[in-house]
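Data first, discussion second: the structure below is written as structure tokens.
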Protein chains: 2
Amino acid sequence: GWARAVRGLLLDVSGVLYDSGADGGVPIAGSAEAVRRIKASGLKLRLCTNETQATRENFVKKLRGMGFDVSVAEVTAPAPAACHILKERGLRPHLLVHDDLVPEFAEIDKTNPNCVVLGDAAENFTYANLNEAFRLLIGMEKPVLLSLGRGRYYKETDGLKLDVGAYMKALEYACDVQAEVVGKPSKRFFESALAEMGVPPEQAIMIGDDIVNDVGGAQRCGMRALQVRTGKYRPSDENHPEVKPDAYVNNLAEAVDIILQQL
Amino acid sequence: GWARAVRGLLLDVSGVLYDSGADGGVPIAGSAEAVRRIKASGLKLRLCTNETQATRENFVKKLRGMGFDVSVAEVTAPAPAACHILKERGLRPHLLVHDDLVPEFAEIDKTNPNCVVLGDAAENFTYANLNEAFRLLIGMEKPVLLSLGRGRYYKETDGLKLDVGAYMKALEYACDVQAEVVGKPSKRFFESALAEMGVPPEQAIMIGDDIVNDVGGAQRCGMRALQVRTGKYRPSDENHPEVKPDAYVNNLAEAVDIILQQL
């Protein structure tokens, strides 16, 4: 079956470990215990997240507060990946991101911007801020837009919210430019998570709630991928025209049960 | 030349008659006089606008205050066209539009919405309002999104602003739906303006500053179309890969000079 010959697991976080919300979030039943069992088993573990509403430090602090035994060194997230690209290419970003993400860019030169970095800015997605990012882009000879993810929406405890991908599309259309996506489902992002684990794709399984960005993205890198029926999962995902997970599981705990039985 | 056998002129308004701004706007030199000369010549005149920040009444009041001799009966605008479609199809809209446009929908049943109508909501394009429109759409069995235009951006006296098309793209992407555009460049919209004038397309000329929505849209209906070098016109428009105006003019006054010479 799909659980054979596994050495490492990549876990999406929101919708797999917990359901996020304005008030912090609620752990999904069995997930904290599942993380402990993964670690006790000797499997490699990596949190592979498109979270851009907090620094990795605060993100991990929140997870630990919910009972998850995880550390900053186990997190692959878009902001550090973007910083790598910015340095590599001498780009100075204008940031349209969540206030709590800004410290991740502390060491990046942001004077006289020559690109825009777009994250899930949430309440910072104001009319004024969107116009400002738009004007900077349209004024560049060759506009560069880095988008920290391309998700359509996500679920918080008080309802569905538009994700960064929707705002990316708005700016792409207005400026007639194609964004470069940093984070899932970009191949480079999954590959850096695998490299950090030291596990080849054929020995890794991605577990996520997003049929396109988690499951489809990981499969394109040669990994197996499971969709959990938690978080933003919707029954219609099971008829997706392009992406078919290697398996469905009700939740992370069930996935870990099956994987550990096969070790 | 292009000015032969004309019986009617369709004029875009913002960027052709005046430059809009938060403080009302500034007439473009020679435009008020040009409108008077069109009327004195016996040519039919129609204002064909995607303006959705005001009712036709207030829109015309503003234009008259700037010295333009125009009346409500001469305006073709998206909101009345949308009301026609809503009634025809029994649709009850949730409105994400500018506060000042809401009275145009006074006679439309808005209880228990089964579609979303999107206009240039400007300051109403808040994170909360966009999430609300998104949630309504994603919750519909078959989401219906009517967009009052598909413009990318427009120019106000204090700078460029994202137009309704950018927000349309955001909702289209998030909900995996295709918006129905009411207003320019929709063929139905131009055709109703022509019908209201009683002029066939081959005897009409559209004059606008938007290469795609004014010029391209009118040409697809069999009209001739001029681009003025005012408003949002940019020199790069003259290398547009798909649309080529029948002529360029520096401004409305110059277009009217040439057209009247040929009568």
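The values are calculated or read from the model by the stated rules, or taken from the named source; none is laboratory data. It should be emphasised that the depicted structure is a prediction, and the values quoted were computed from it without experimental measurement. When we count neighbours, we look across all protein chains shown, and the Cβ atoms used for this are built from the backbone with ideal geometry, even at glycine. These accessible areas exclude ligands, DNA and RNA; they are computed on the full protein's heavy atoms, side chains included. Shrake-Rupley method; radii C 1.70, N 1.55, O 1.52, S 1.80 Å.
Distances, shortest first, from the label point of residue B:90 to those at the same position in the other copies read 6.4 nm; the point lies 7 Å along Cα to C-beta.
Surface exposure of the protein assembly as shown, expressed per residue as accessible area with a 1.4 Å probe, stands at 41 Å². Within the protein assembly as shown, DSSP assigns beta bridges of which about 15% are antiparallel (rounded to the nearest 5). Taking the alpha-carbon distance from residue A:161 and a cut-off under 17 Å, which lysines remain once sequence neighbours fewer than 8 residues away in the same chain are dropped? Leaving aside lysines fewer than 8 places away in the same chain, those within reach of residue A:161 are A:169, A:232, B:169. Could you point to the residue in B:215, A:15, B:137 farthest towards the positive end of the protein assembly as shown's charge dipole, with +1 and -1 charges on the Cβ of Lys/Arg and Asp/Glu respectively? Toward the positive end, the furthest listed residue is B:215.
Residue B:20 contributes about 10 Å² of solvent-accessible surface, heavy atoms of the protein only, 1.4 Å probe. How would you classify segment A:141-225 from its alpha-carbon gyration tensor, with a ≥ b ≥ c the square roots of the eigenvalues: rounded for a/c under 1.5, else prolate if a/b is greater than b/c, otherwise oblate? Verdict is oblate for segment A:141-225. Go ahead and estimate [θ] at 222 nm for chain A from helices alone: -39,500 (n - 2.57) per DSSP H run with n ≥ 4, summed, over the residue count, rounded to 500. Taking each H run of at least 4 residues, the total per residue is -9500 deg cm²/dmol. Rounded, prolate or oblate for the protein assembly as shown? Axes are the square roots of the Cα gyration tensor eigenvalues, ordered a ≥ b ≥ c, and the cut-off for rounded is a/c under 1.5. Since a/c reaches 1.5 and a/b is larger than b/c, the shape of the protein assembly as shown is classed as prolate.
Which one of A:132, A:196, A:107 has the biggest mean-square fluctuation once chain A is modelled by GNM with Cα springs under 10 Å? In the Gaussian network model the winner is A:107.
Just checking the listed ones, A:52, A:76, A:111: in the Gaussian network model of chain A with Cα springs under 10 Å, the one fluctuating most is A:111. Pairing chain B with chain A buries about 2700 Å² of accessible area. This figure sums both sides and uses a 1.4 Å probe. Need one word for segment B:170-263: rounded, prolate or oblate. Basis is the Cα gyration tensor (sqrt eigenvalues a ≥ b ≥ c); a/c below 1.5 gives rounded, then a/b vs b/c decides. Cα axes put segment B:170-263 in the oblate bin. When you filter the trypsin sites (Lys or Arg not before Pro) in segment A:156-263 for DSSP loop state and at most 15 other Cβ atoms inside 10 Å of their Cβ, you are left with A:229. Less than 12 Å Cβ to Cβ from residue A:10, Lys/Arg counted +1 and Asp/Glu -1: what total charge do the surrounding residues give? So the environment of residue A:10 carries a net charge of 0. The figure for residue B:37 is an accessible area of roughly 80 square angstrom, using a 1.4 Å probe on the protein chains alone. Using a 7 Å projection from Cα along Cα-to-Cβ, the label point at residue A:239 is separated from the same position in the remaining copies by 4.7 nm, smallest value first. Could you tell me what percent of the DSSP beta bridges with both partners in segment B:81-181 are antiparallel, to the nearest 5? Here the antiparallel bridges make up roughly 30 percent for segment B:81-181.
Sorted from closest to farthest, the other copies place their residue B:107 label points 6.6 nm away, with each point set 7 Å from Cα along Cα→Cβ. Computed over chain B, relative contact order equals 22 percent, with contacts defined as Cα pairs under 8 Å that lie 6+ residues apart. Computed on protein heavy atoms with a 1.4 Å probe, the accessible areas place B:209, A:69 in the order A:69, B:209, largest first.
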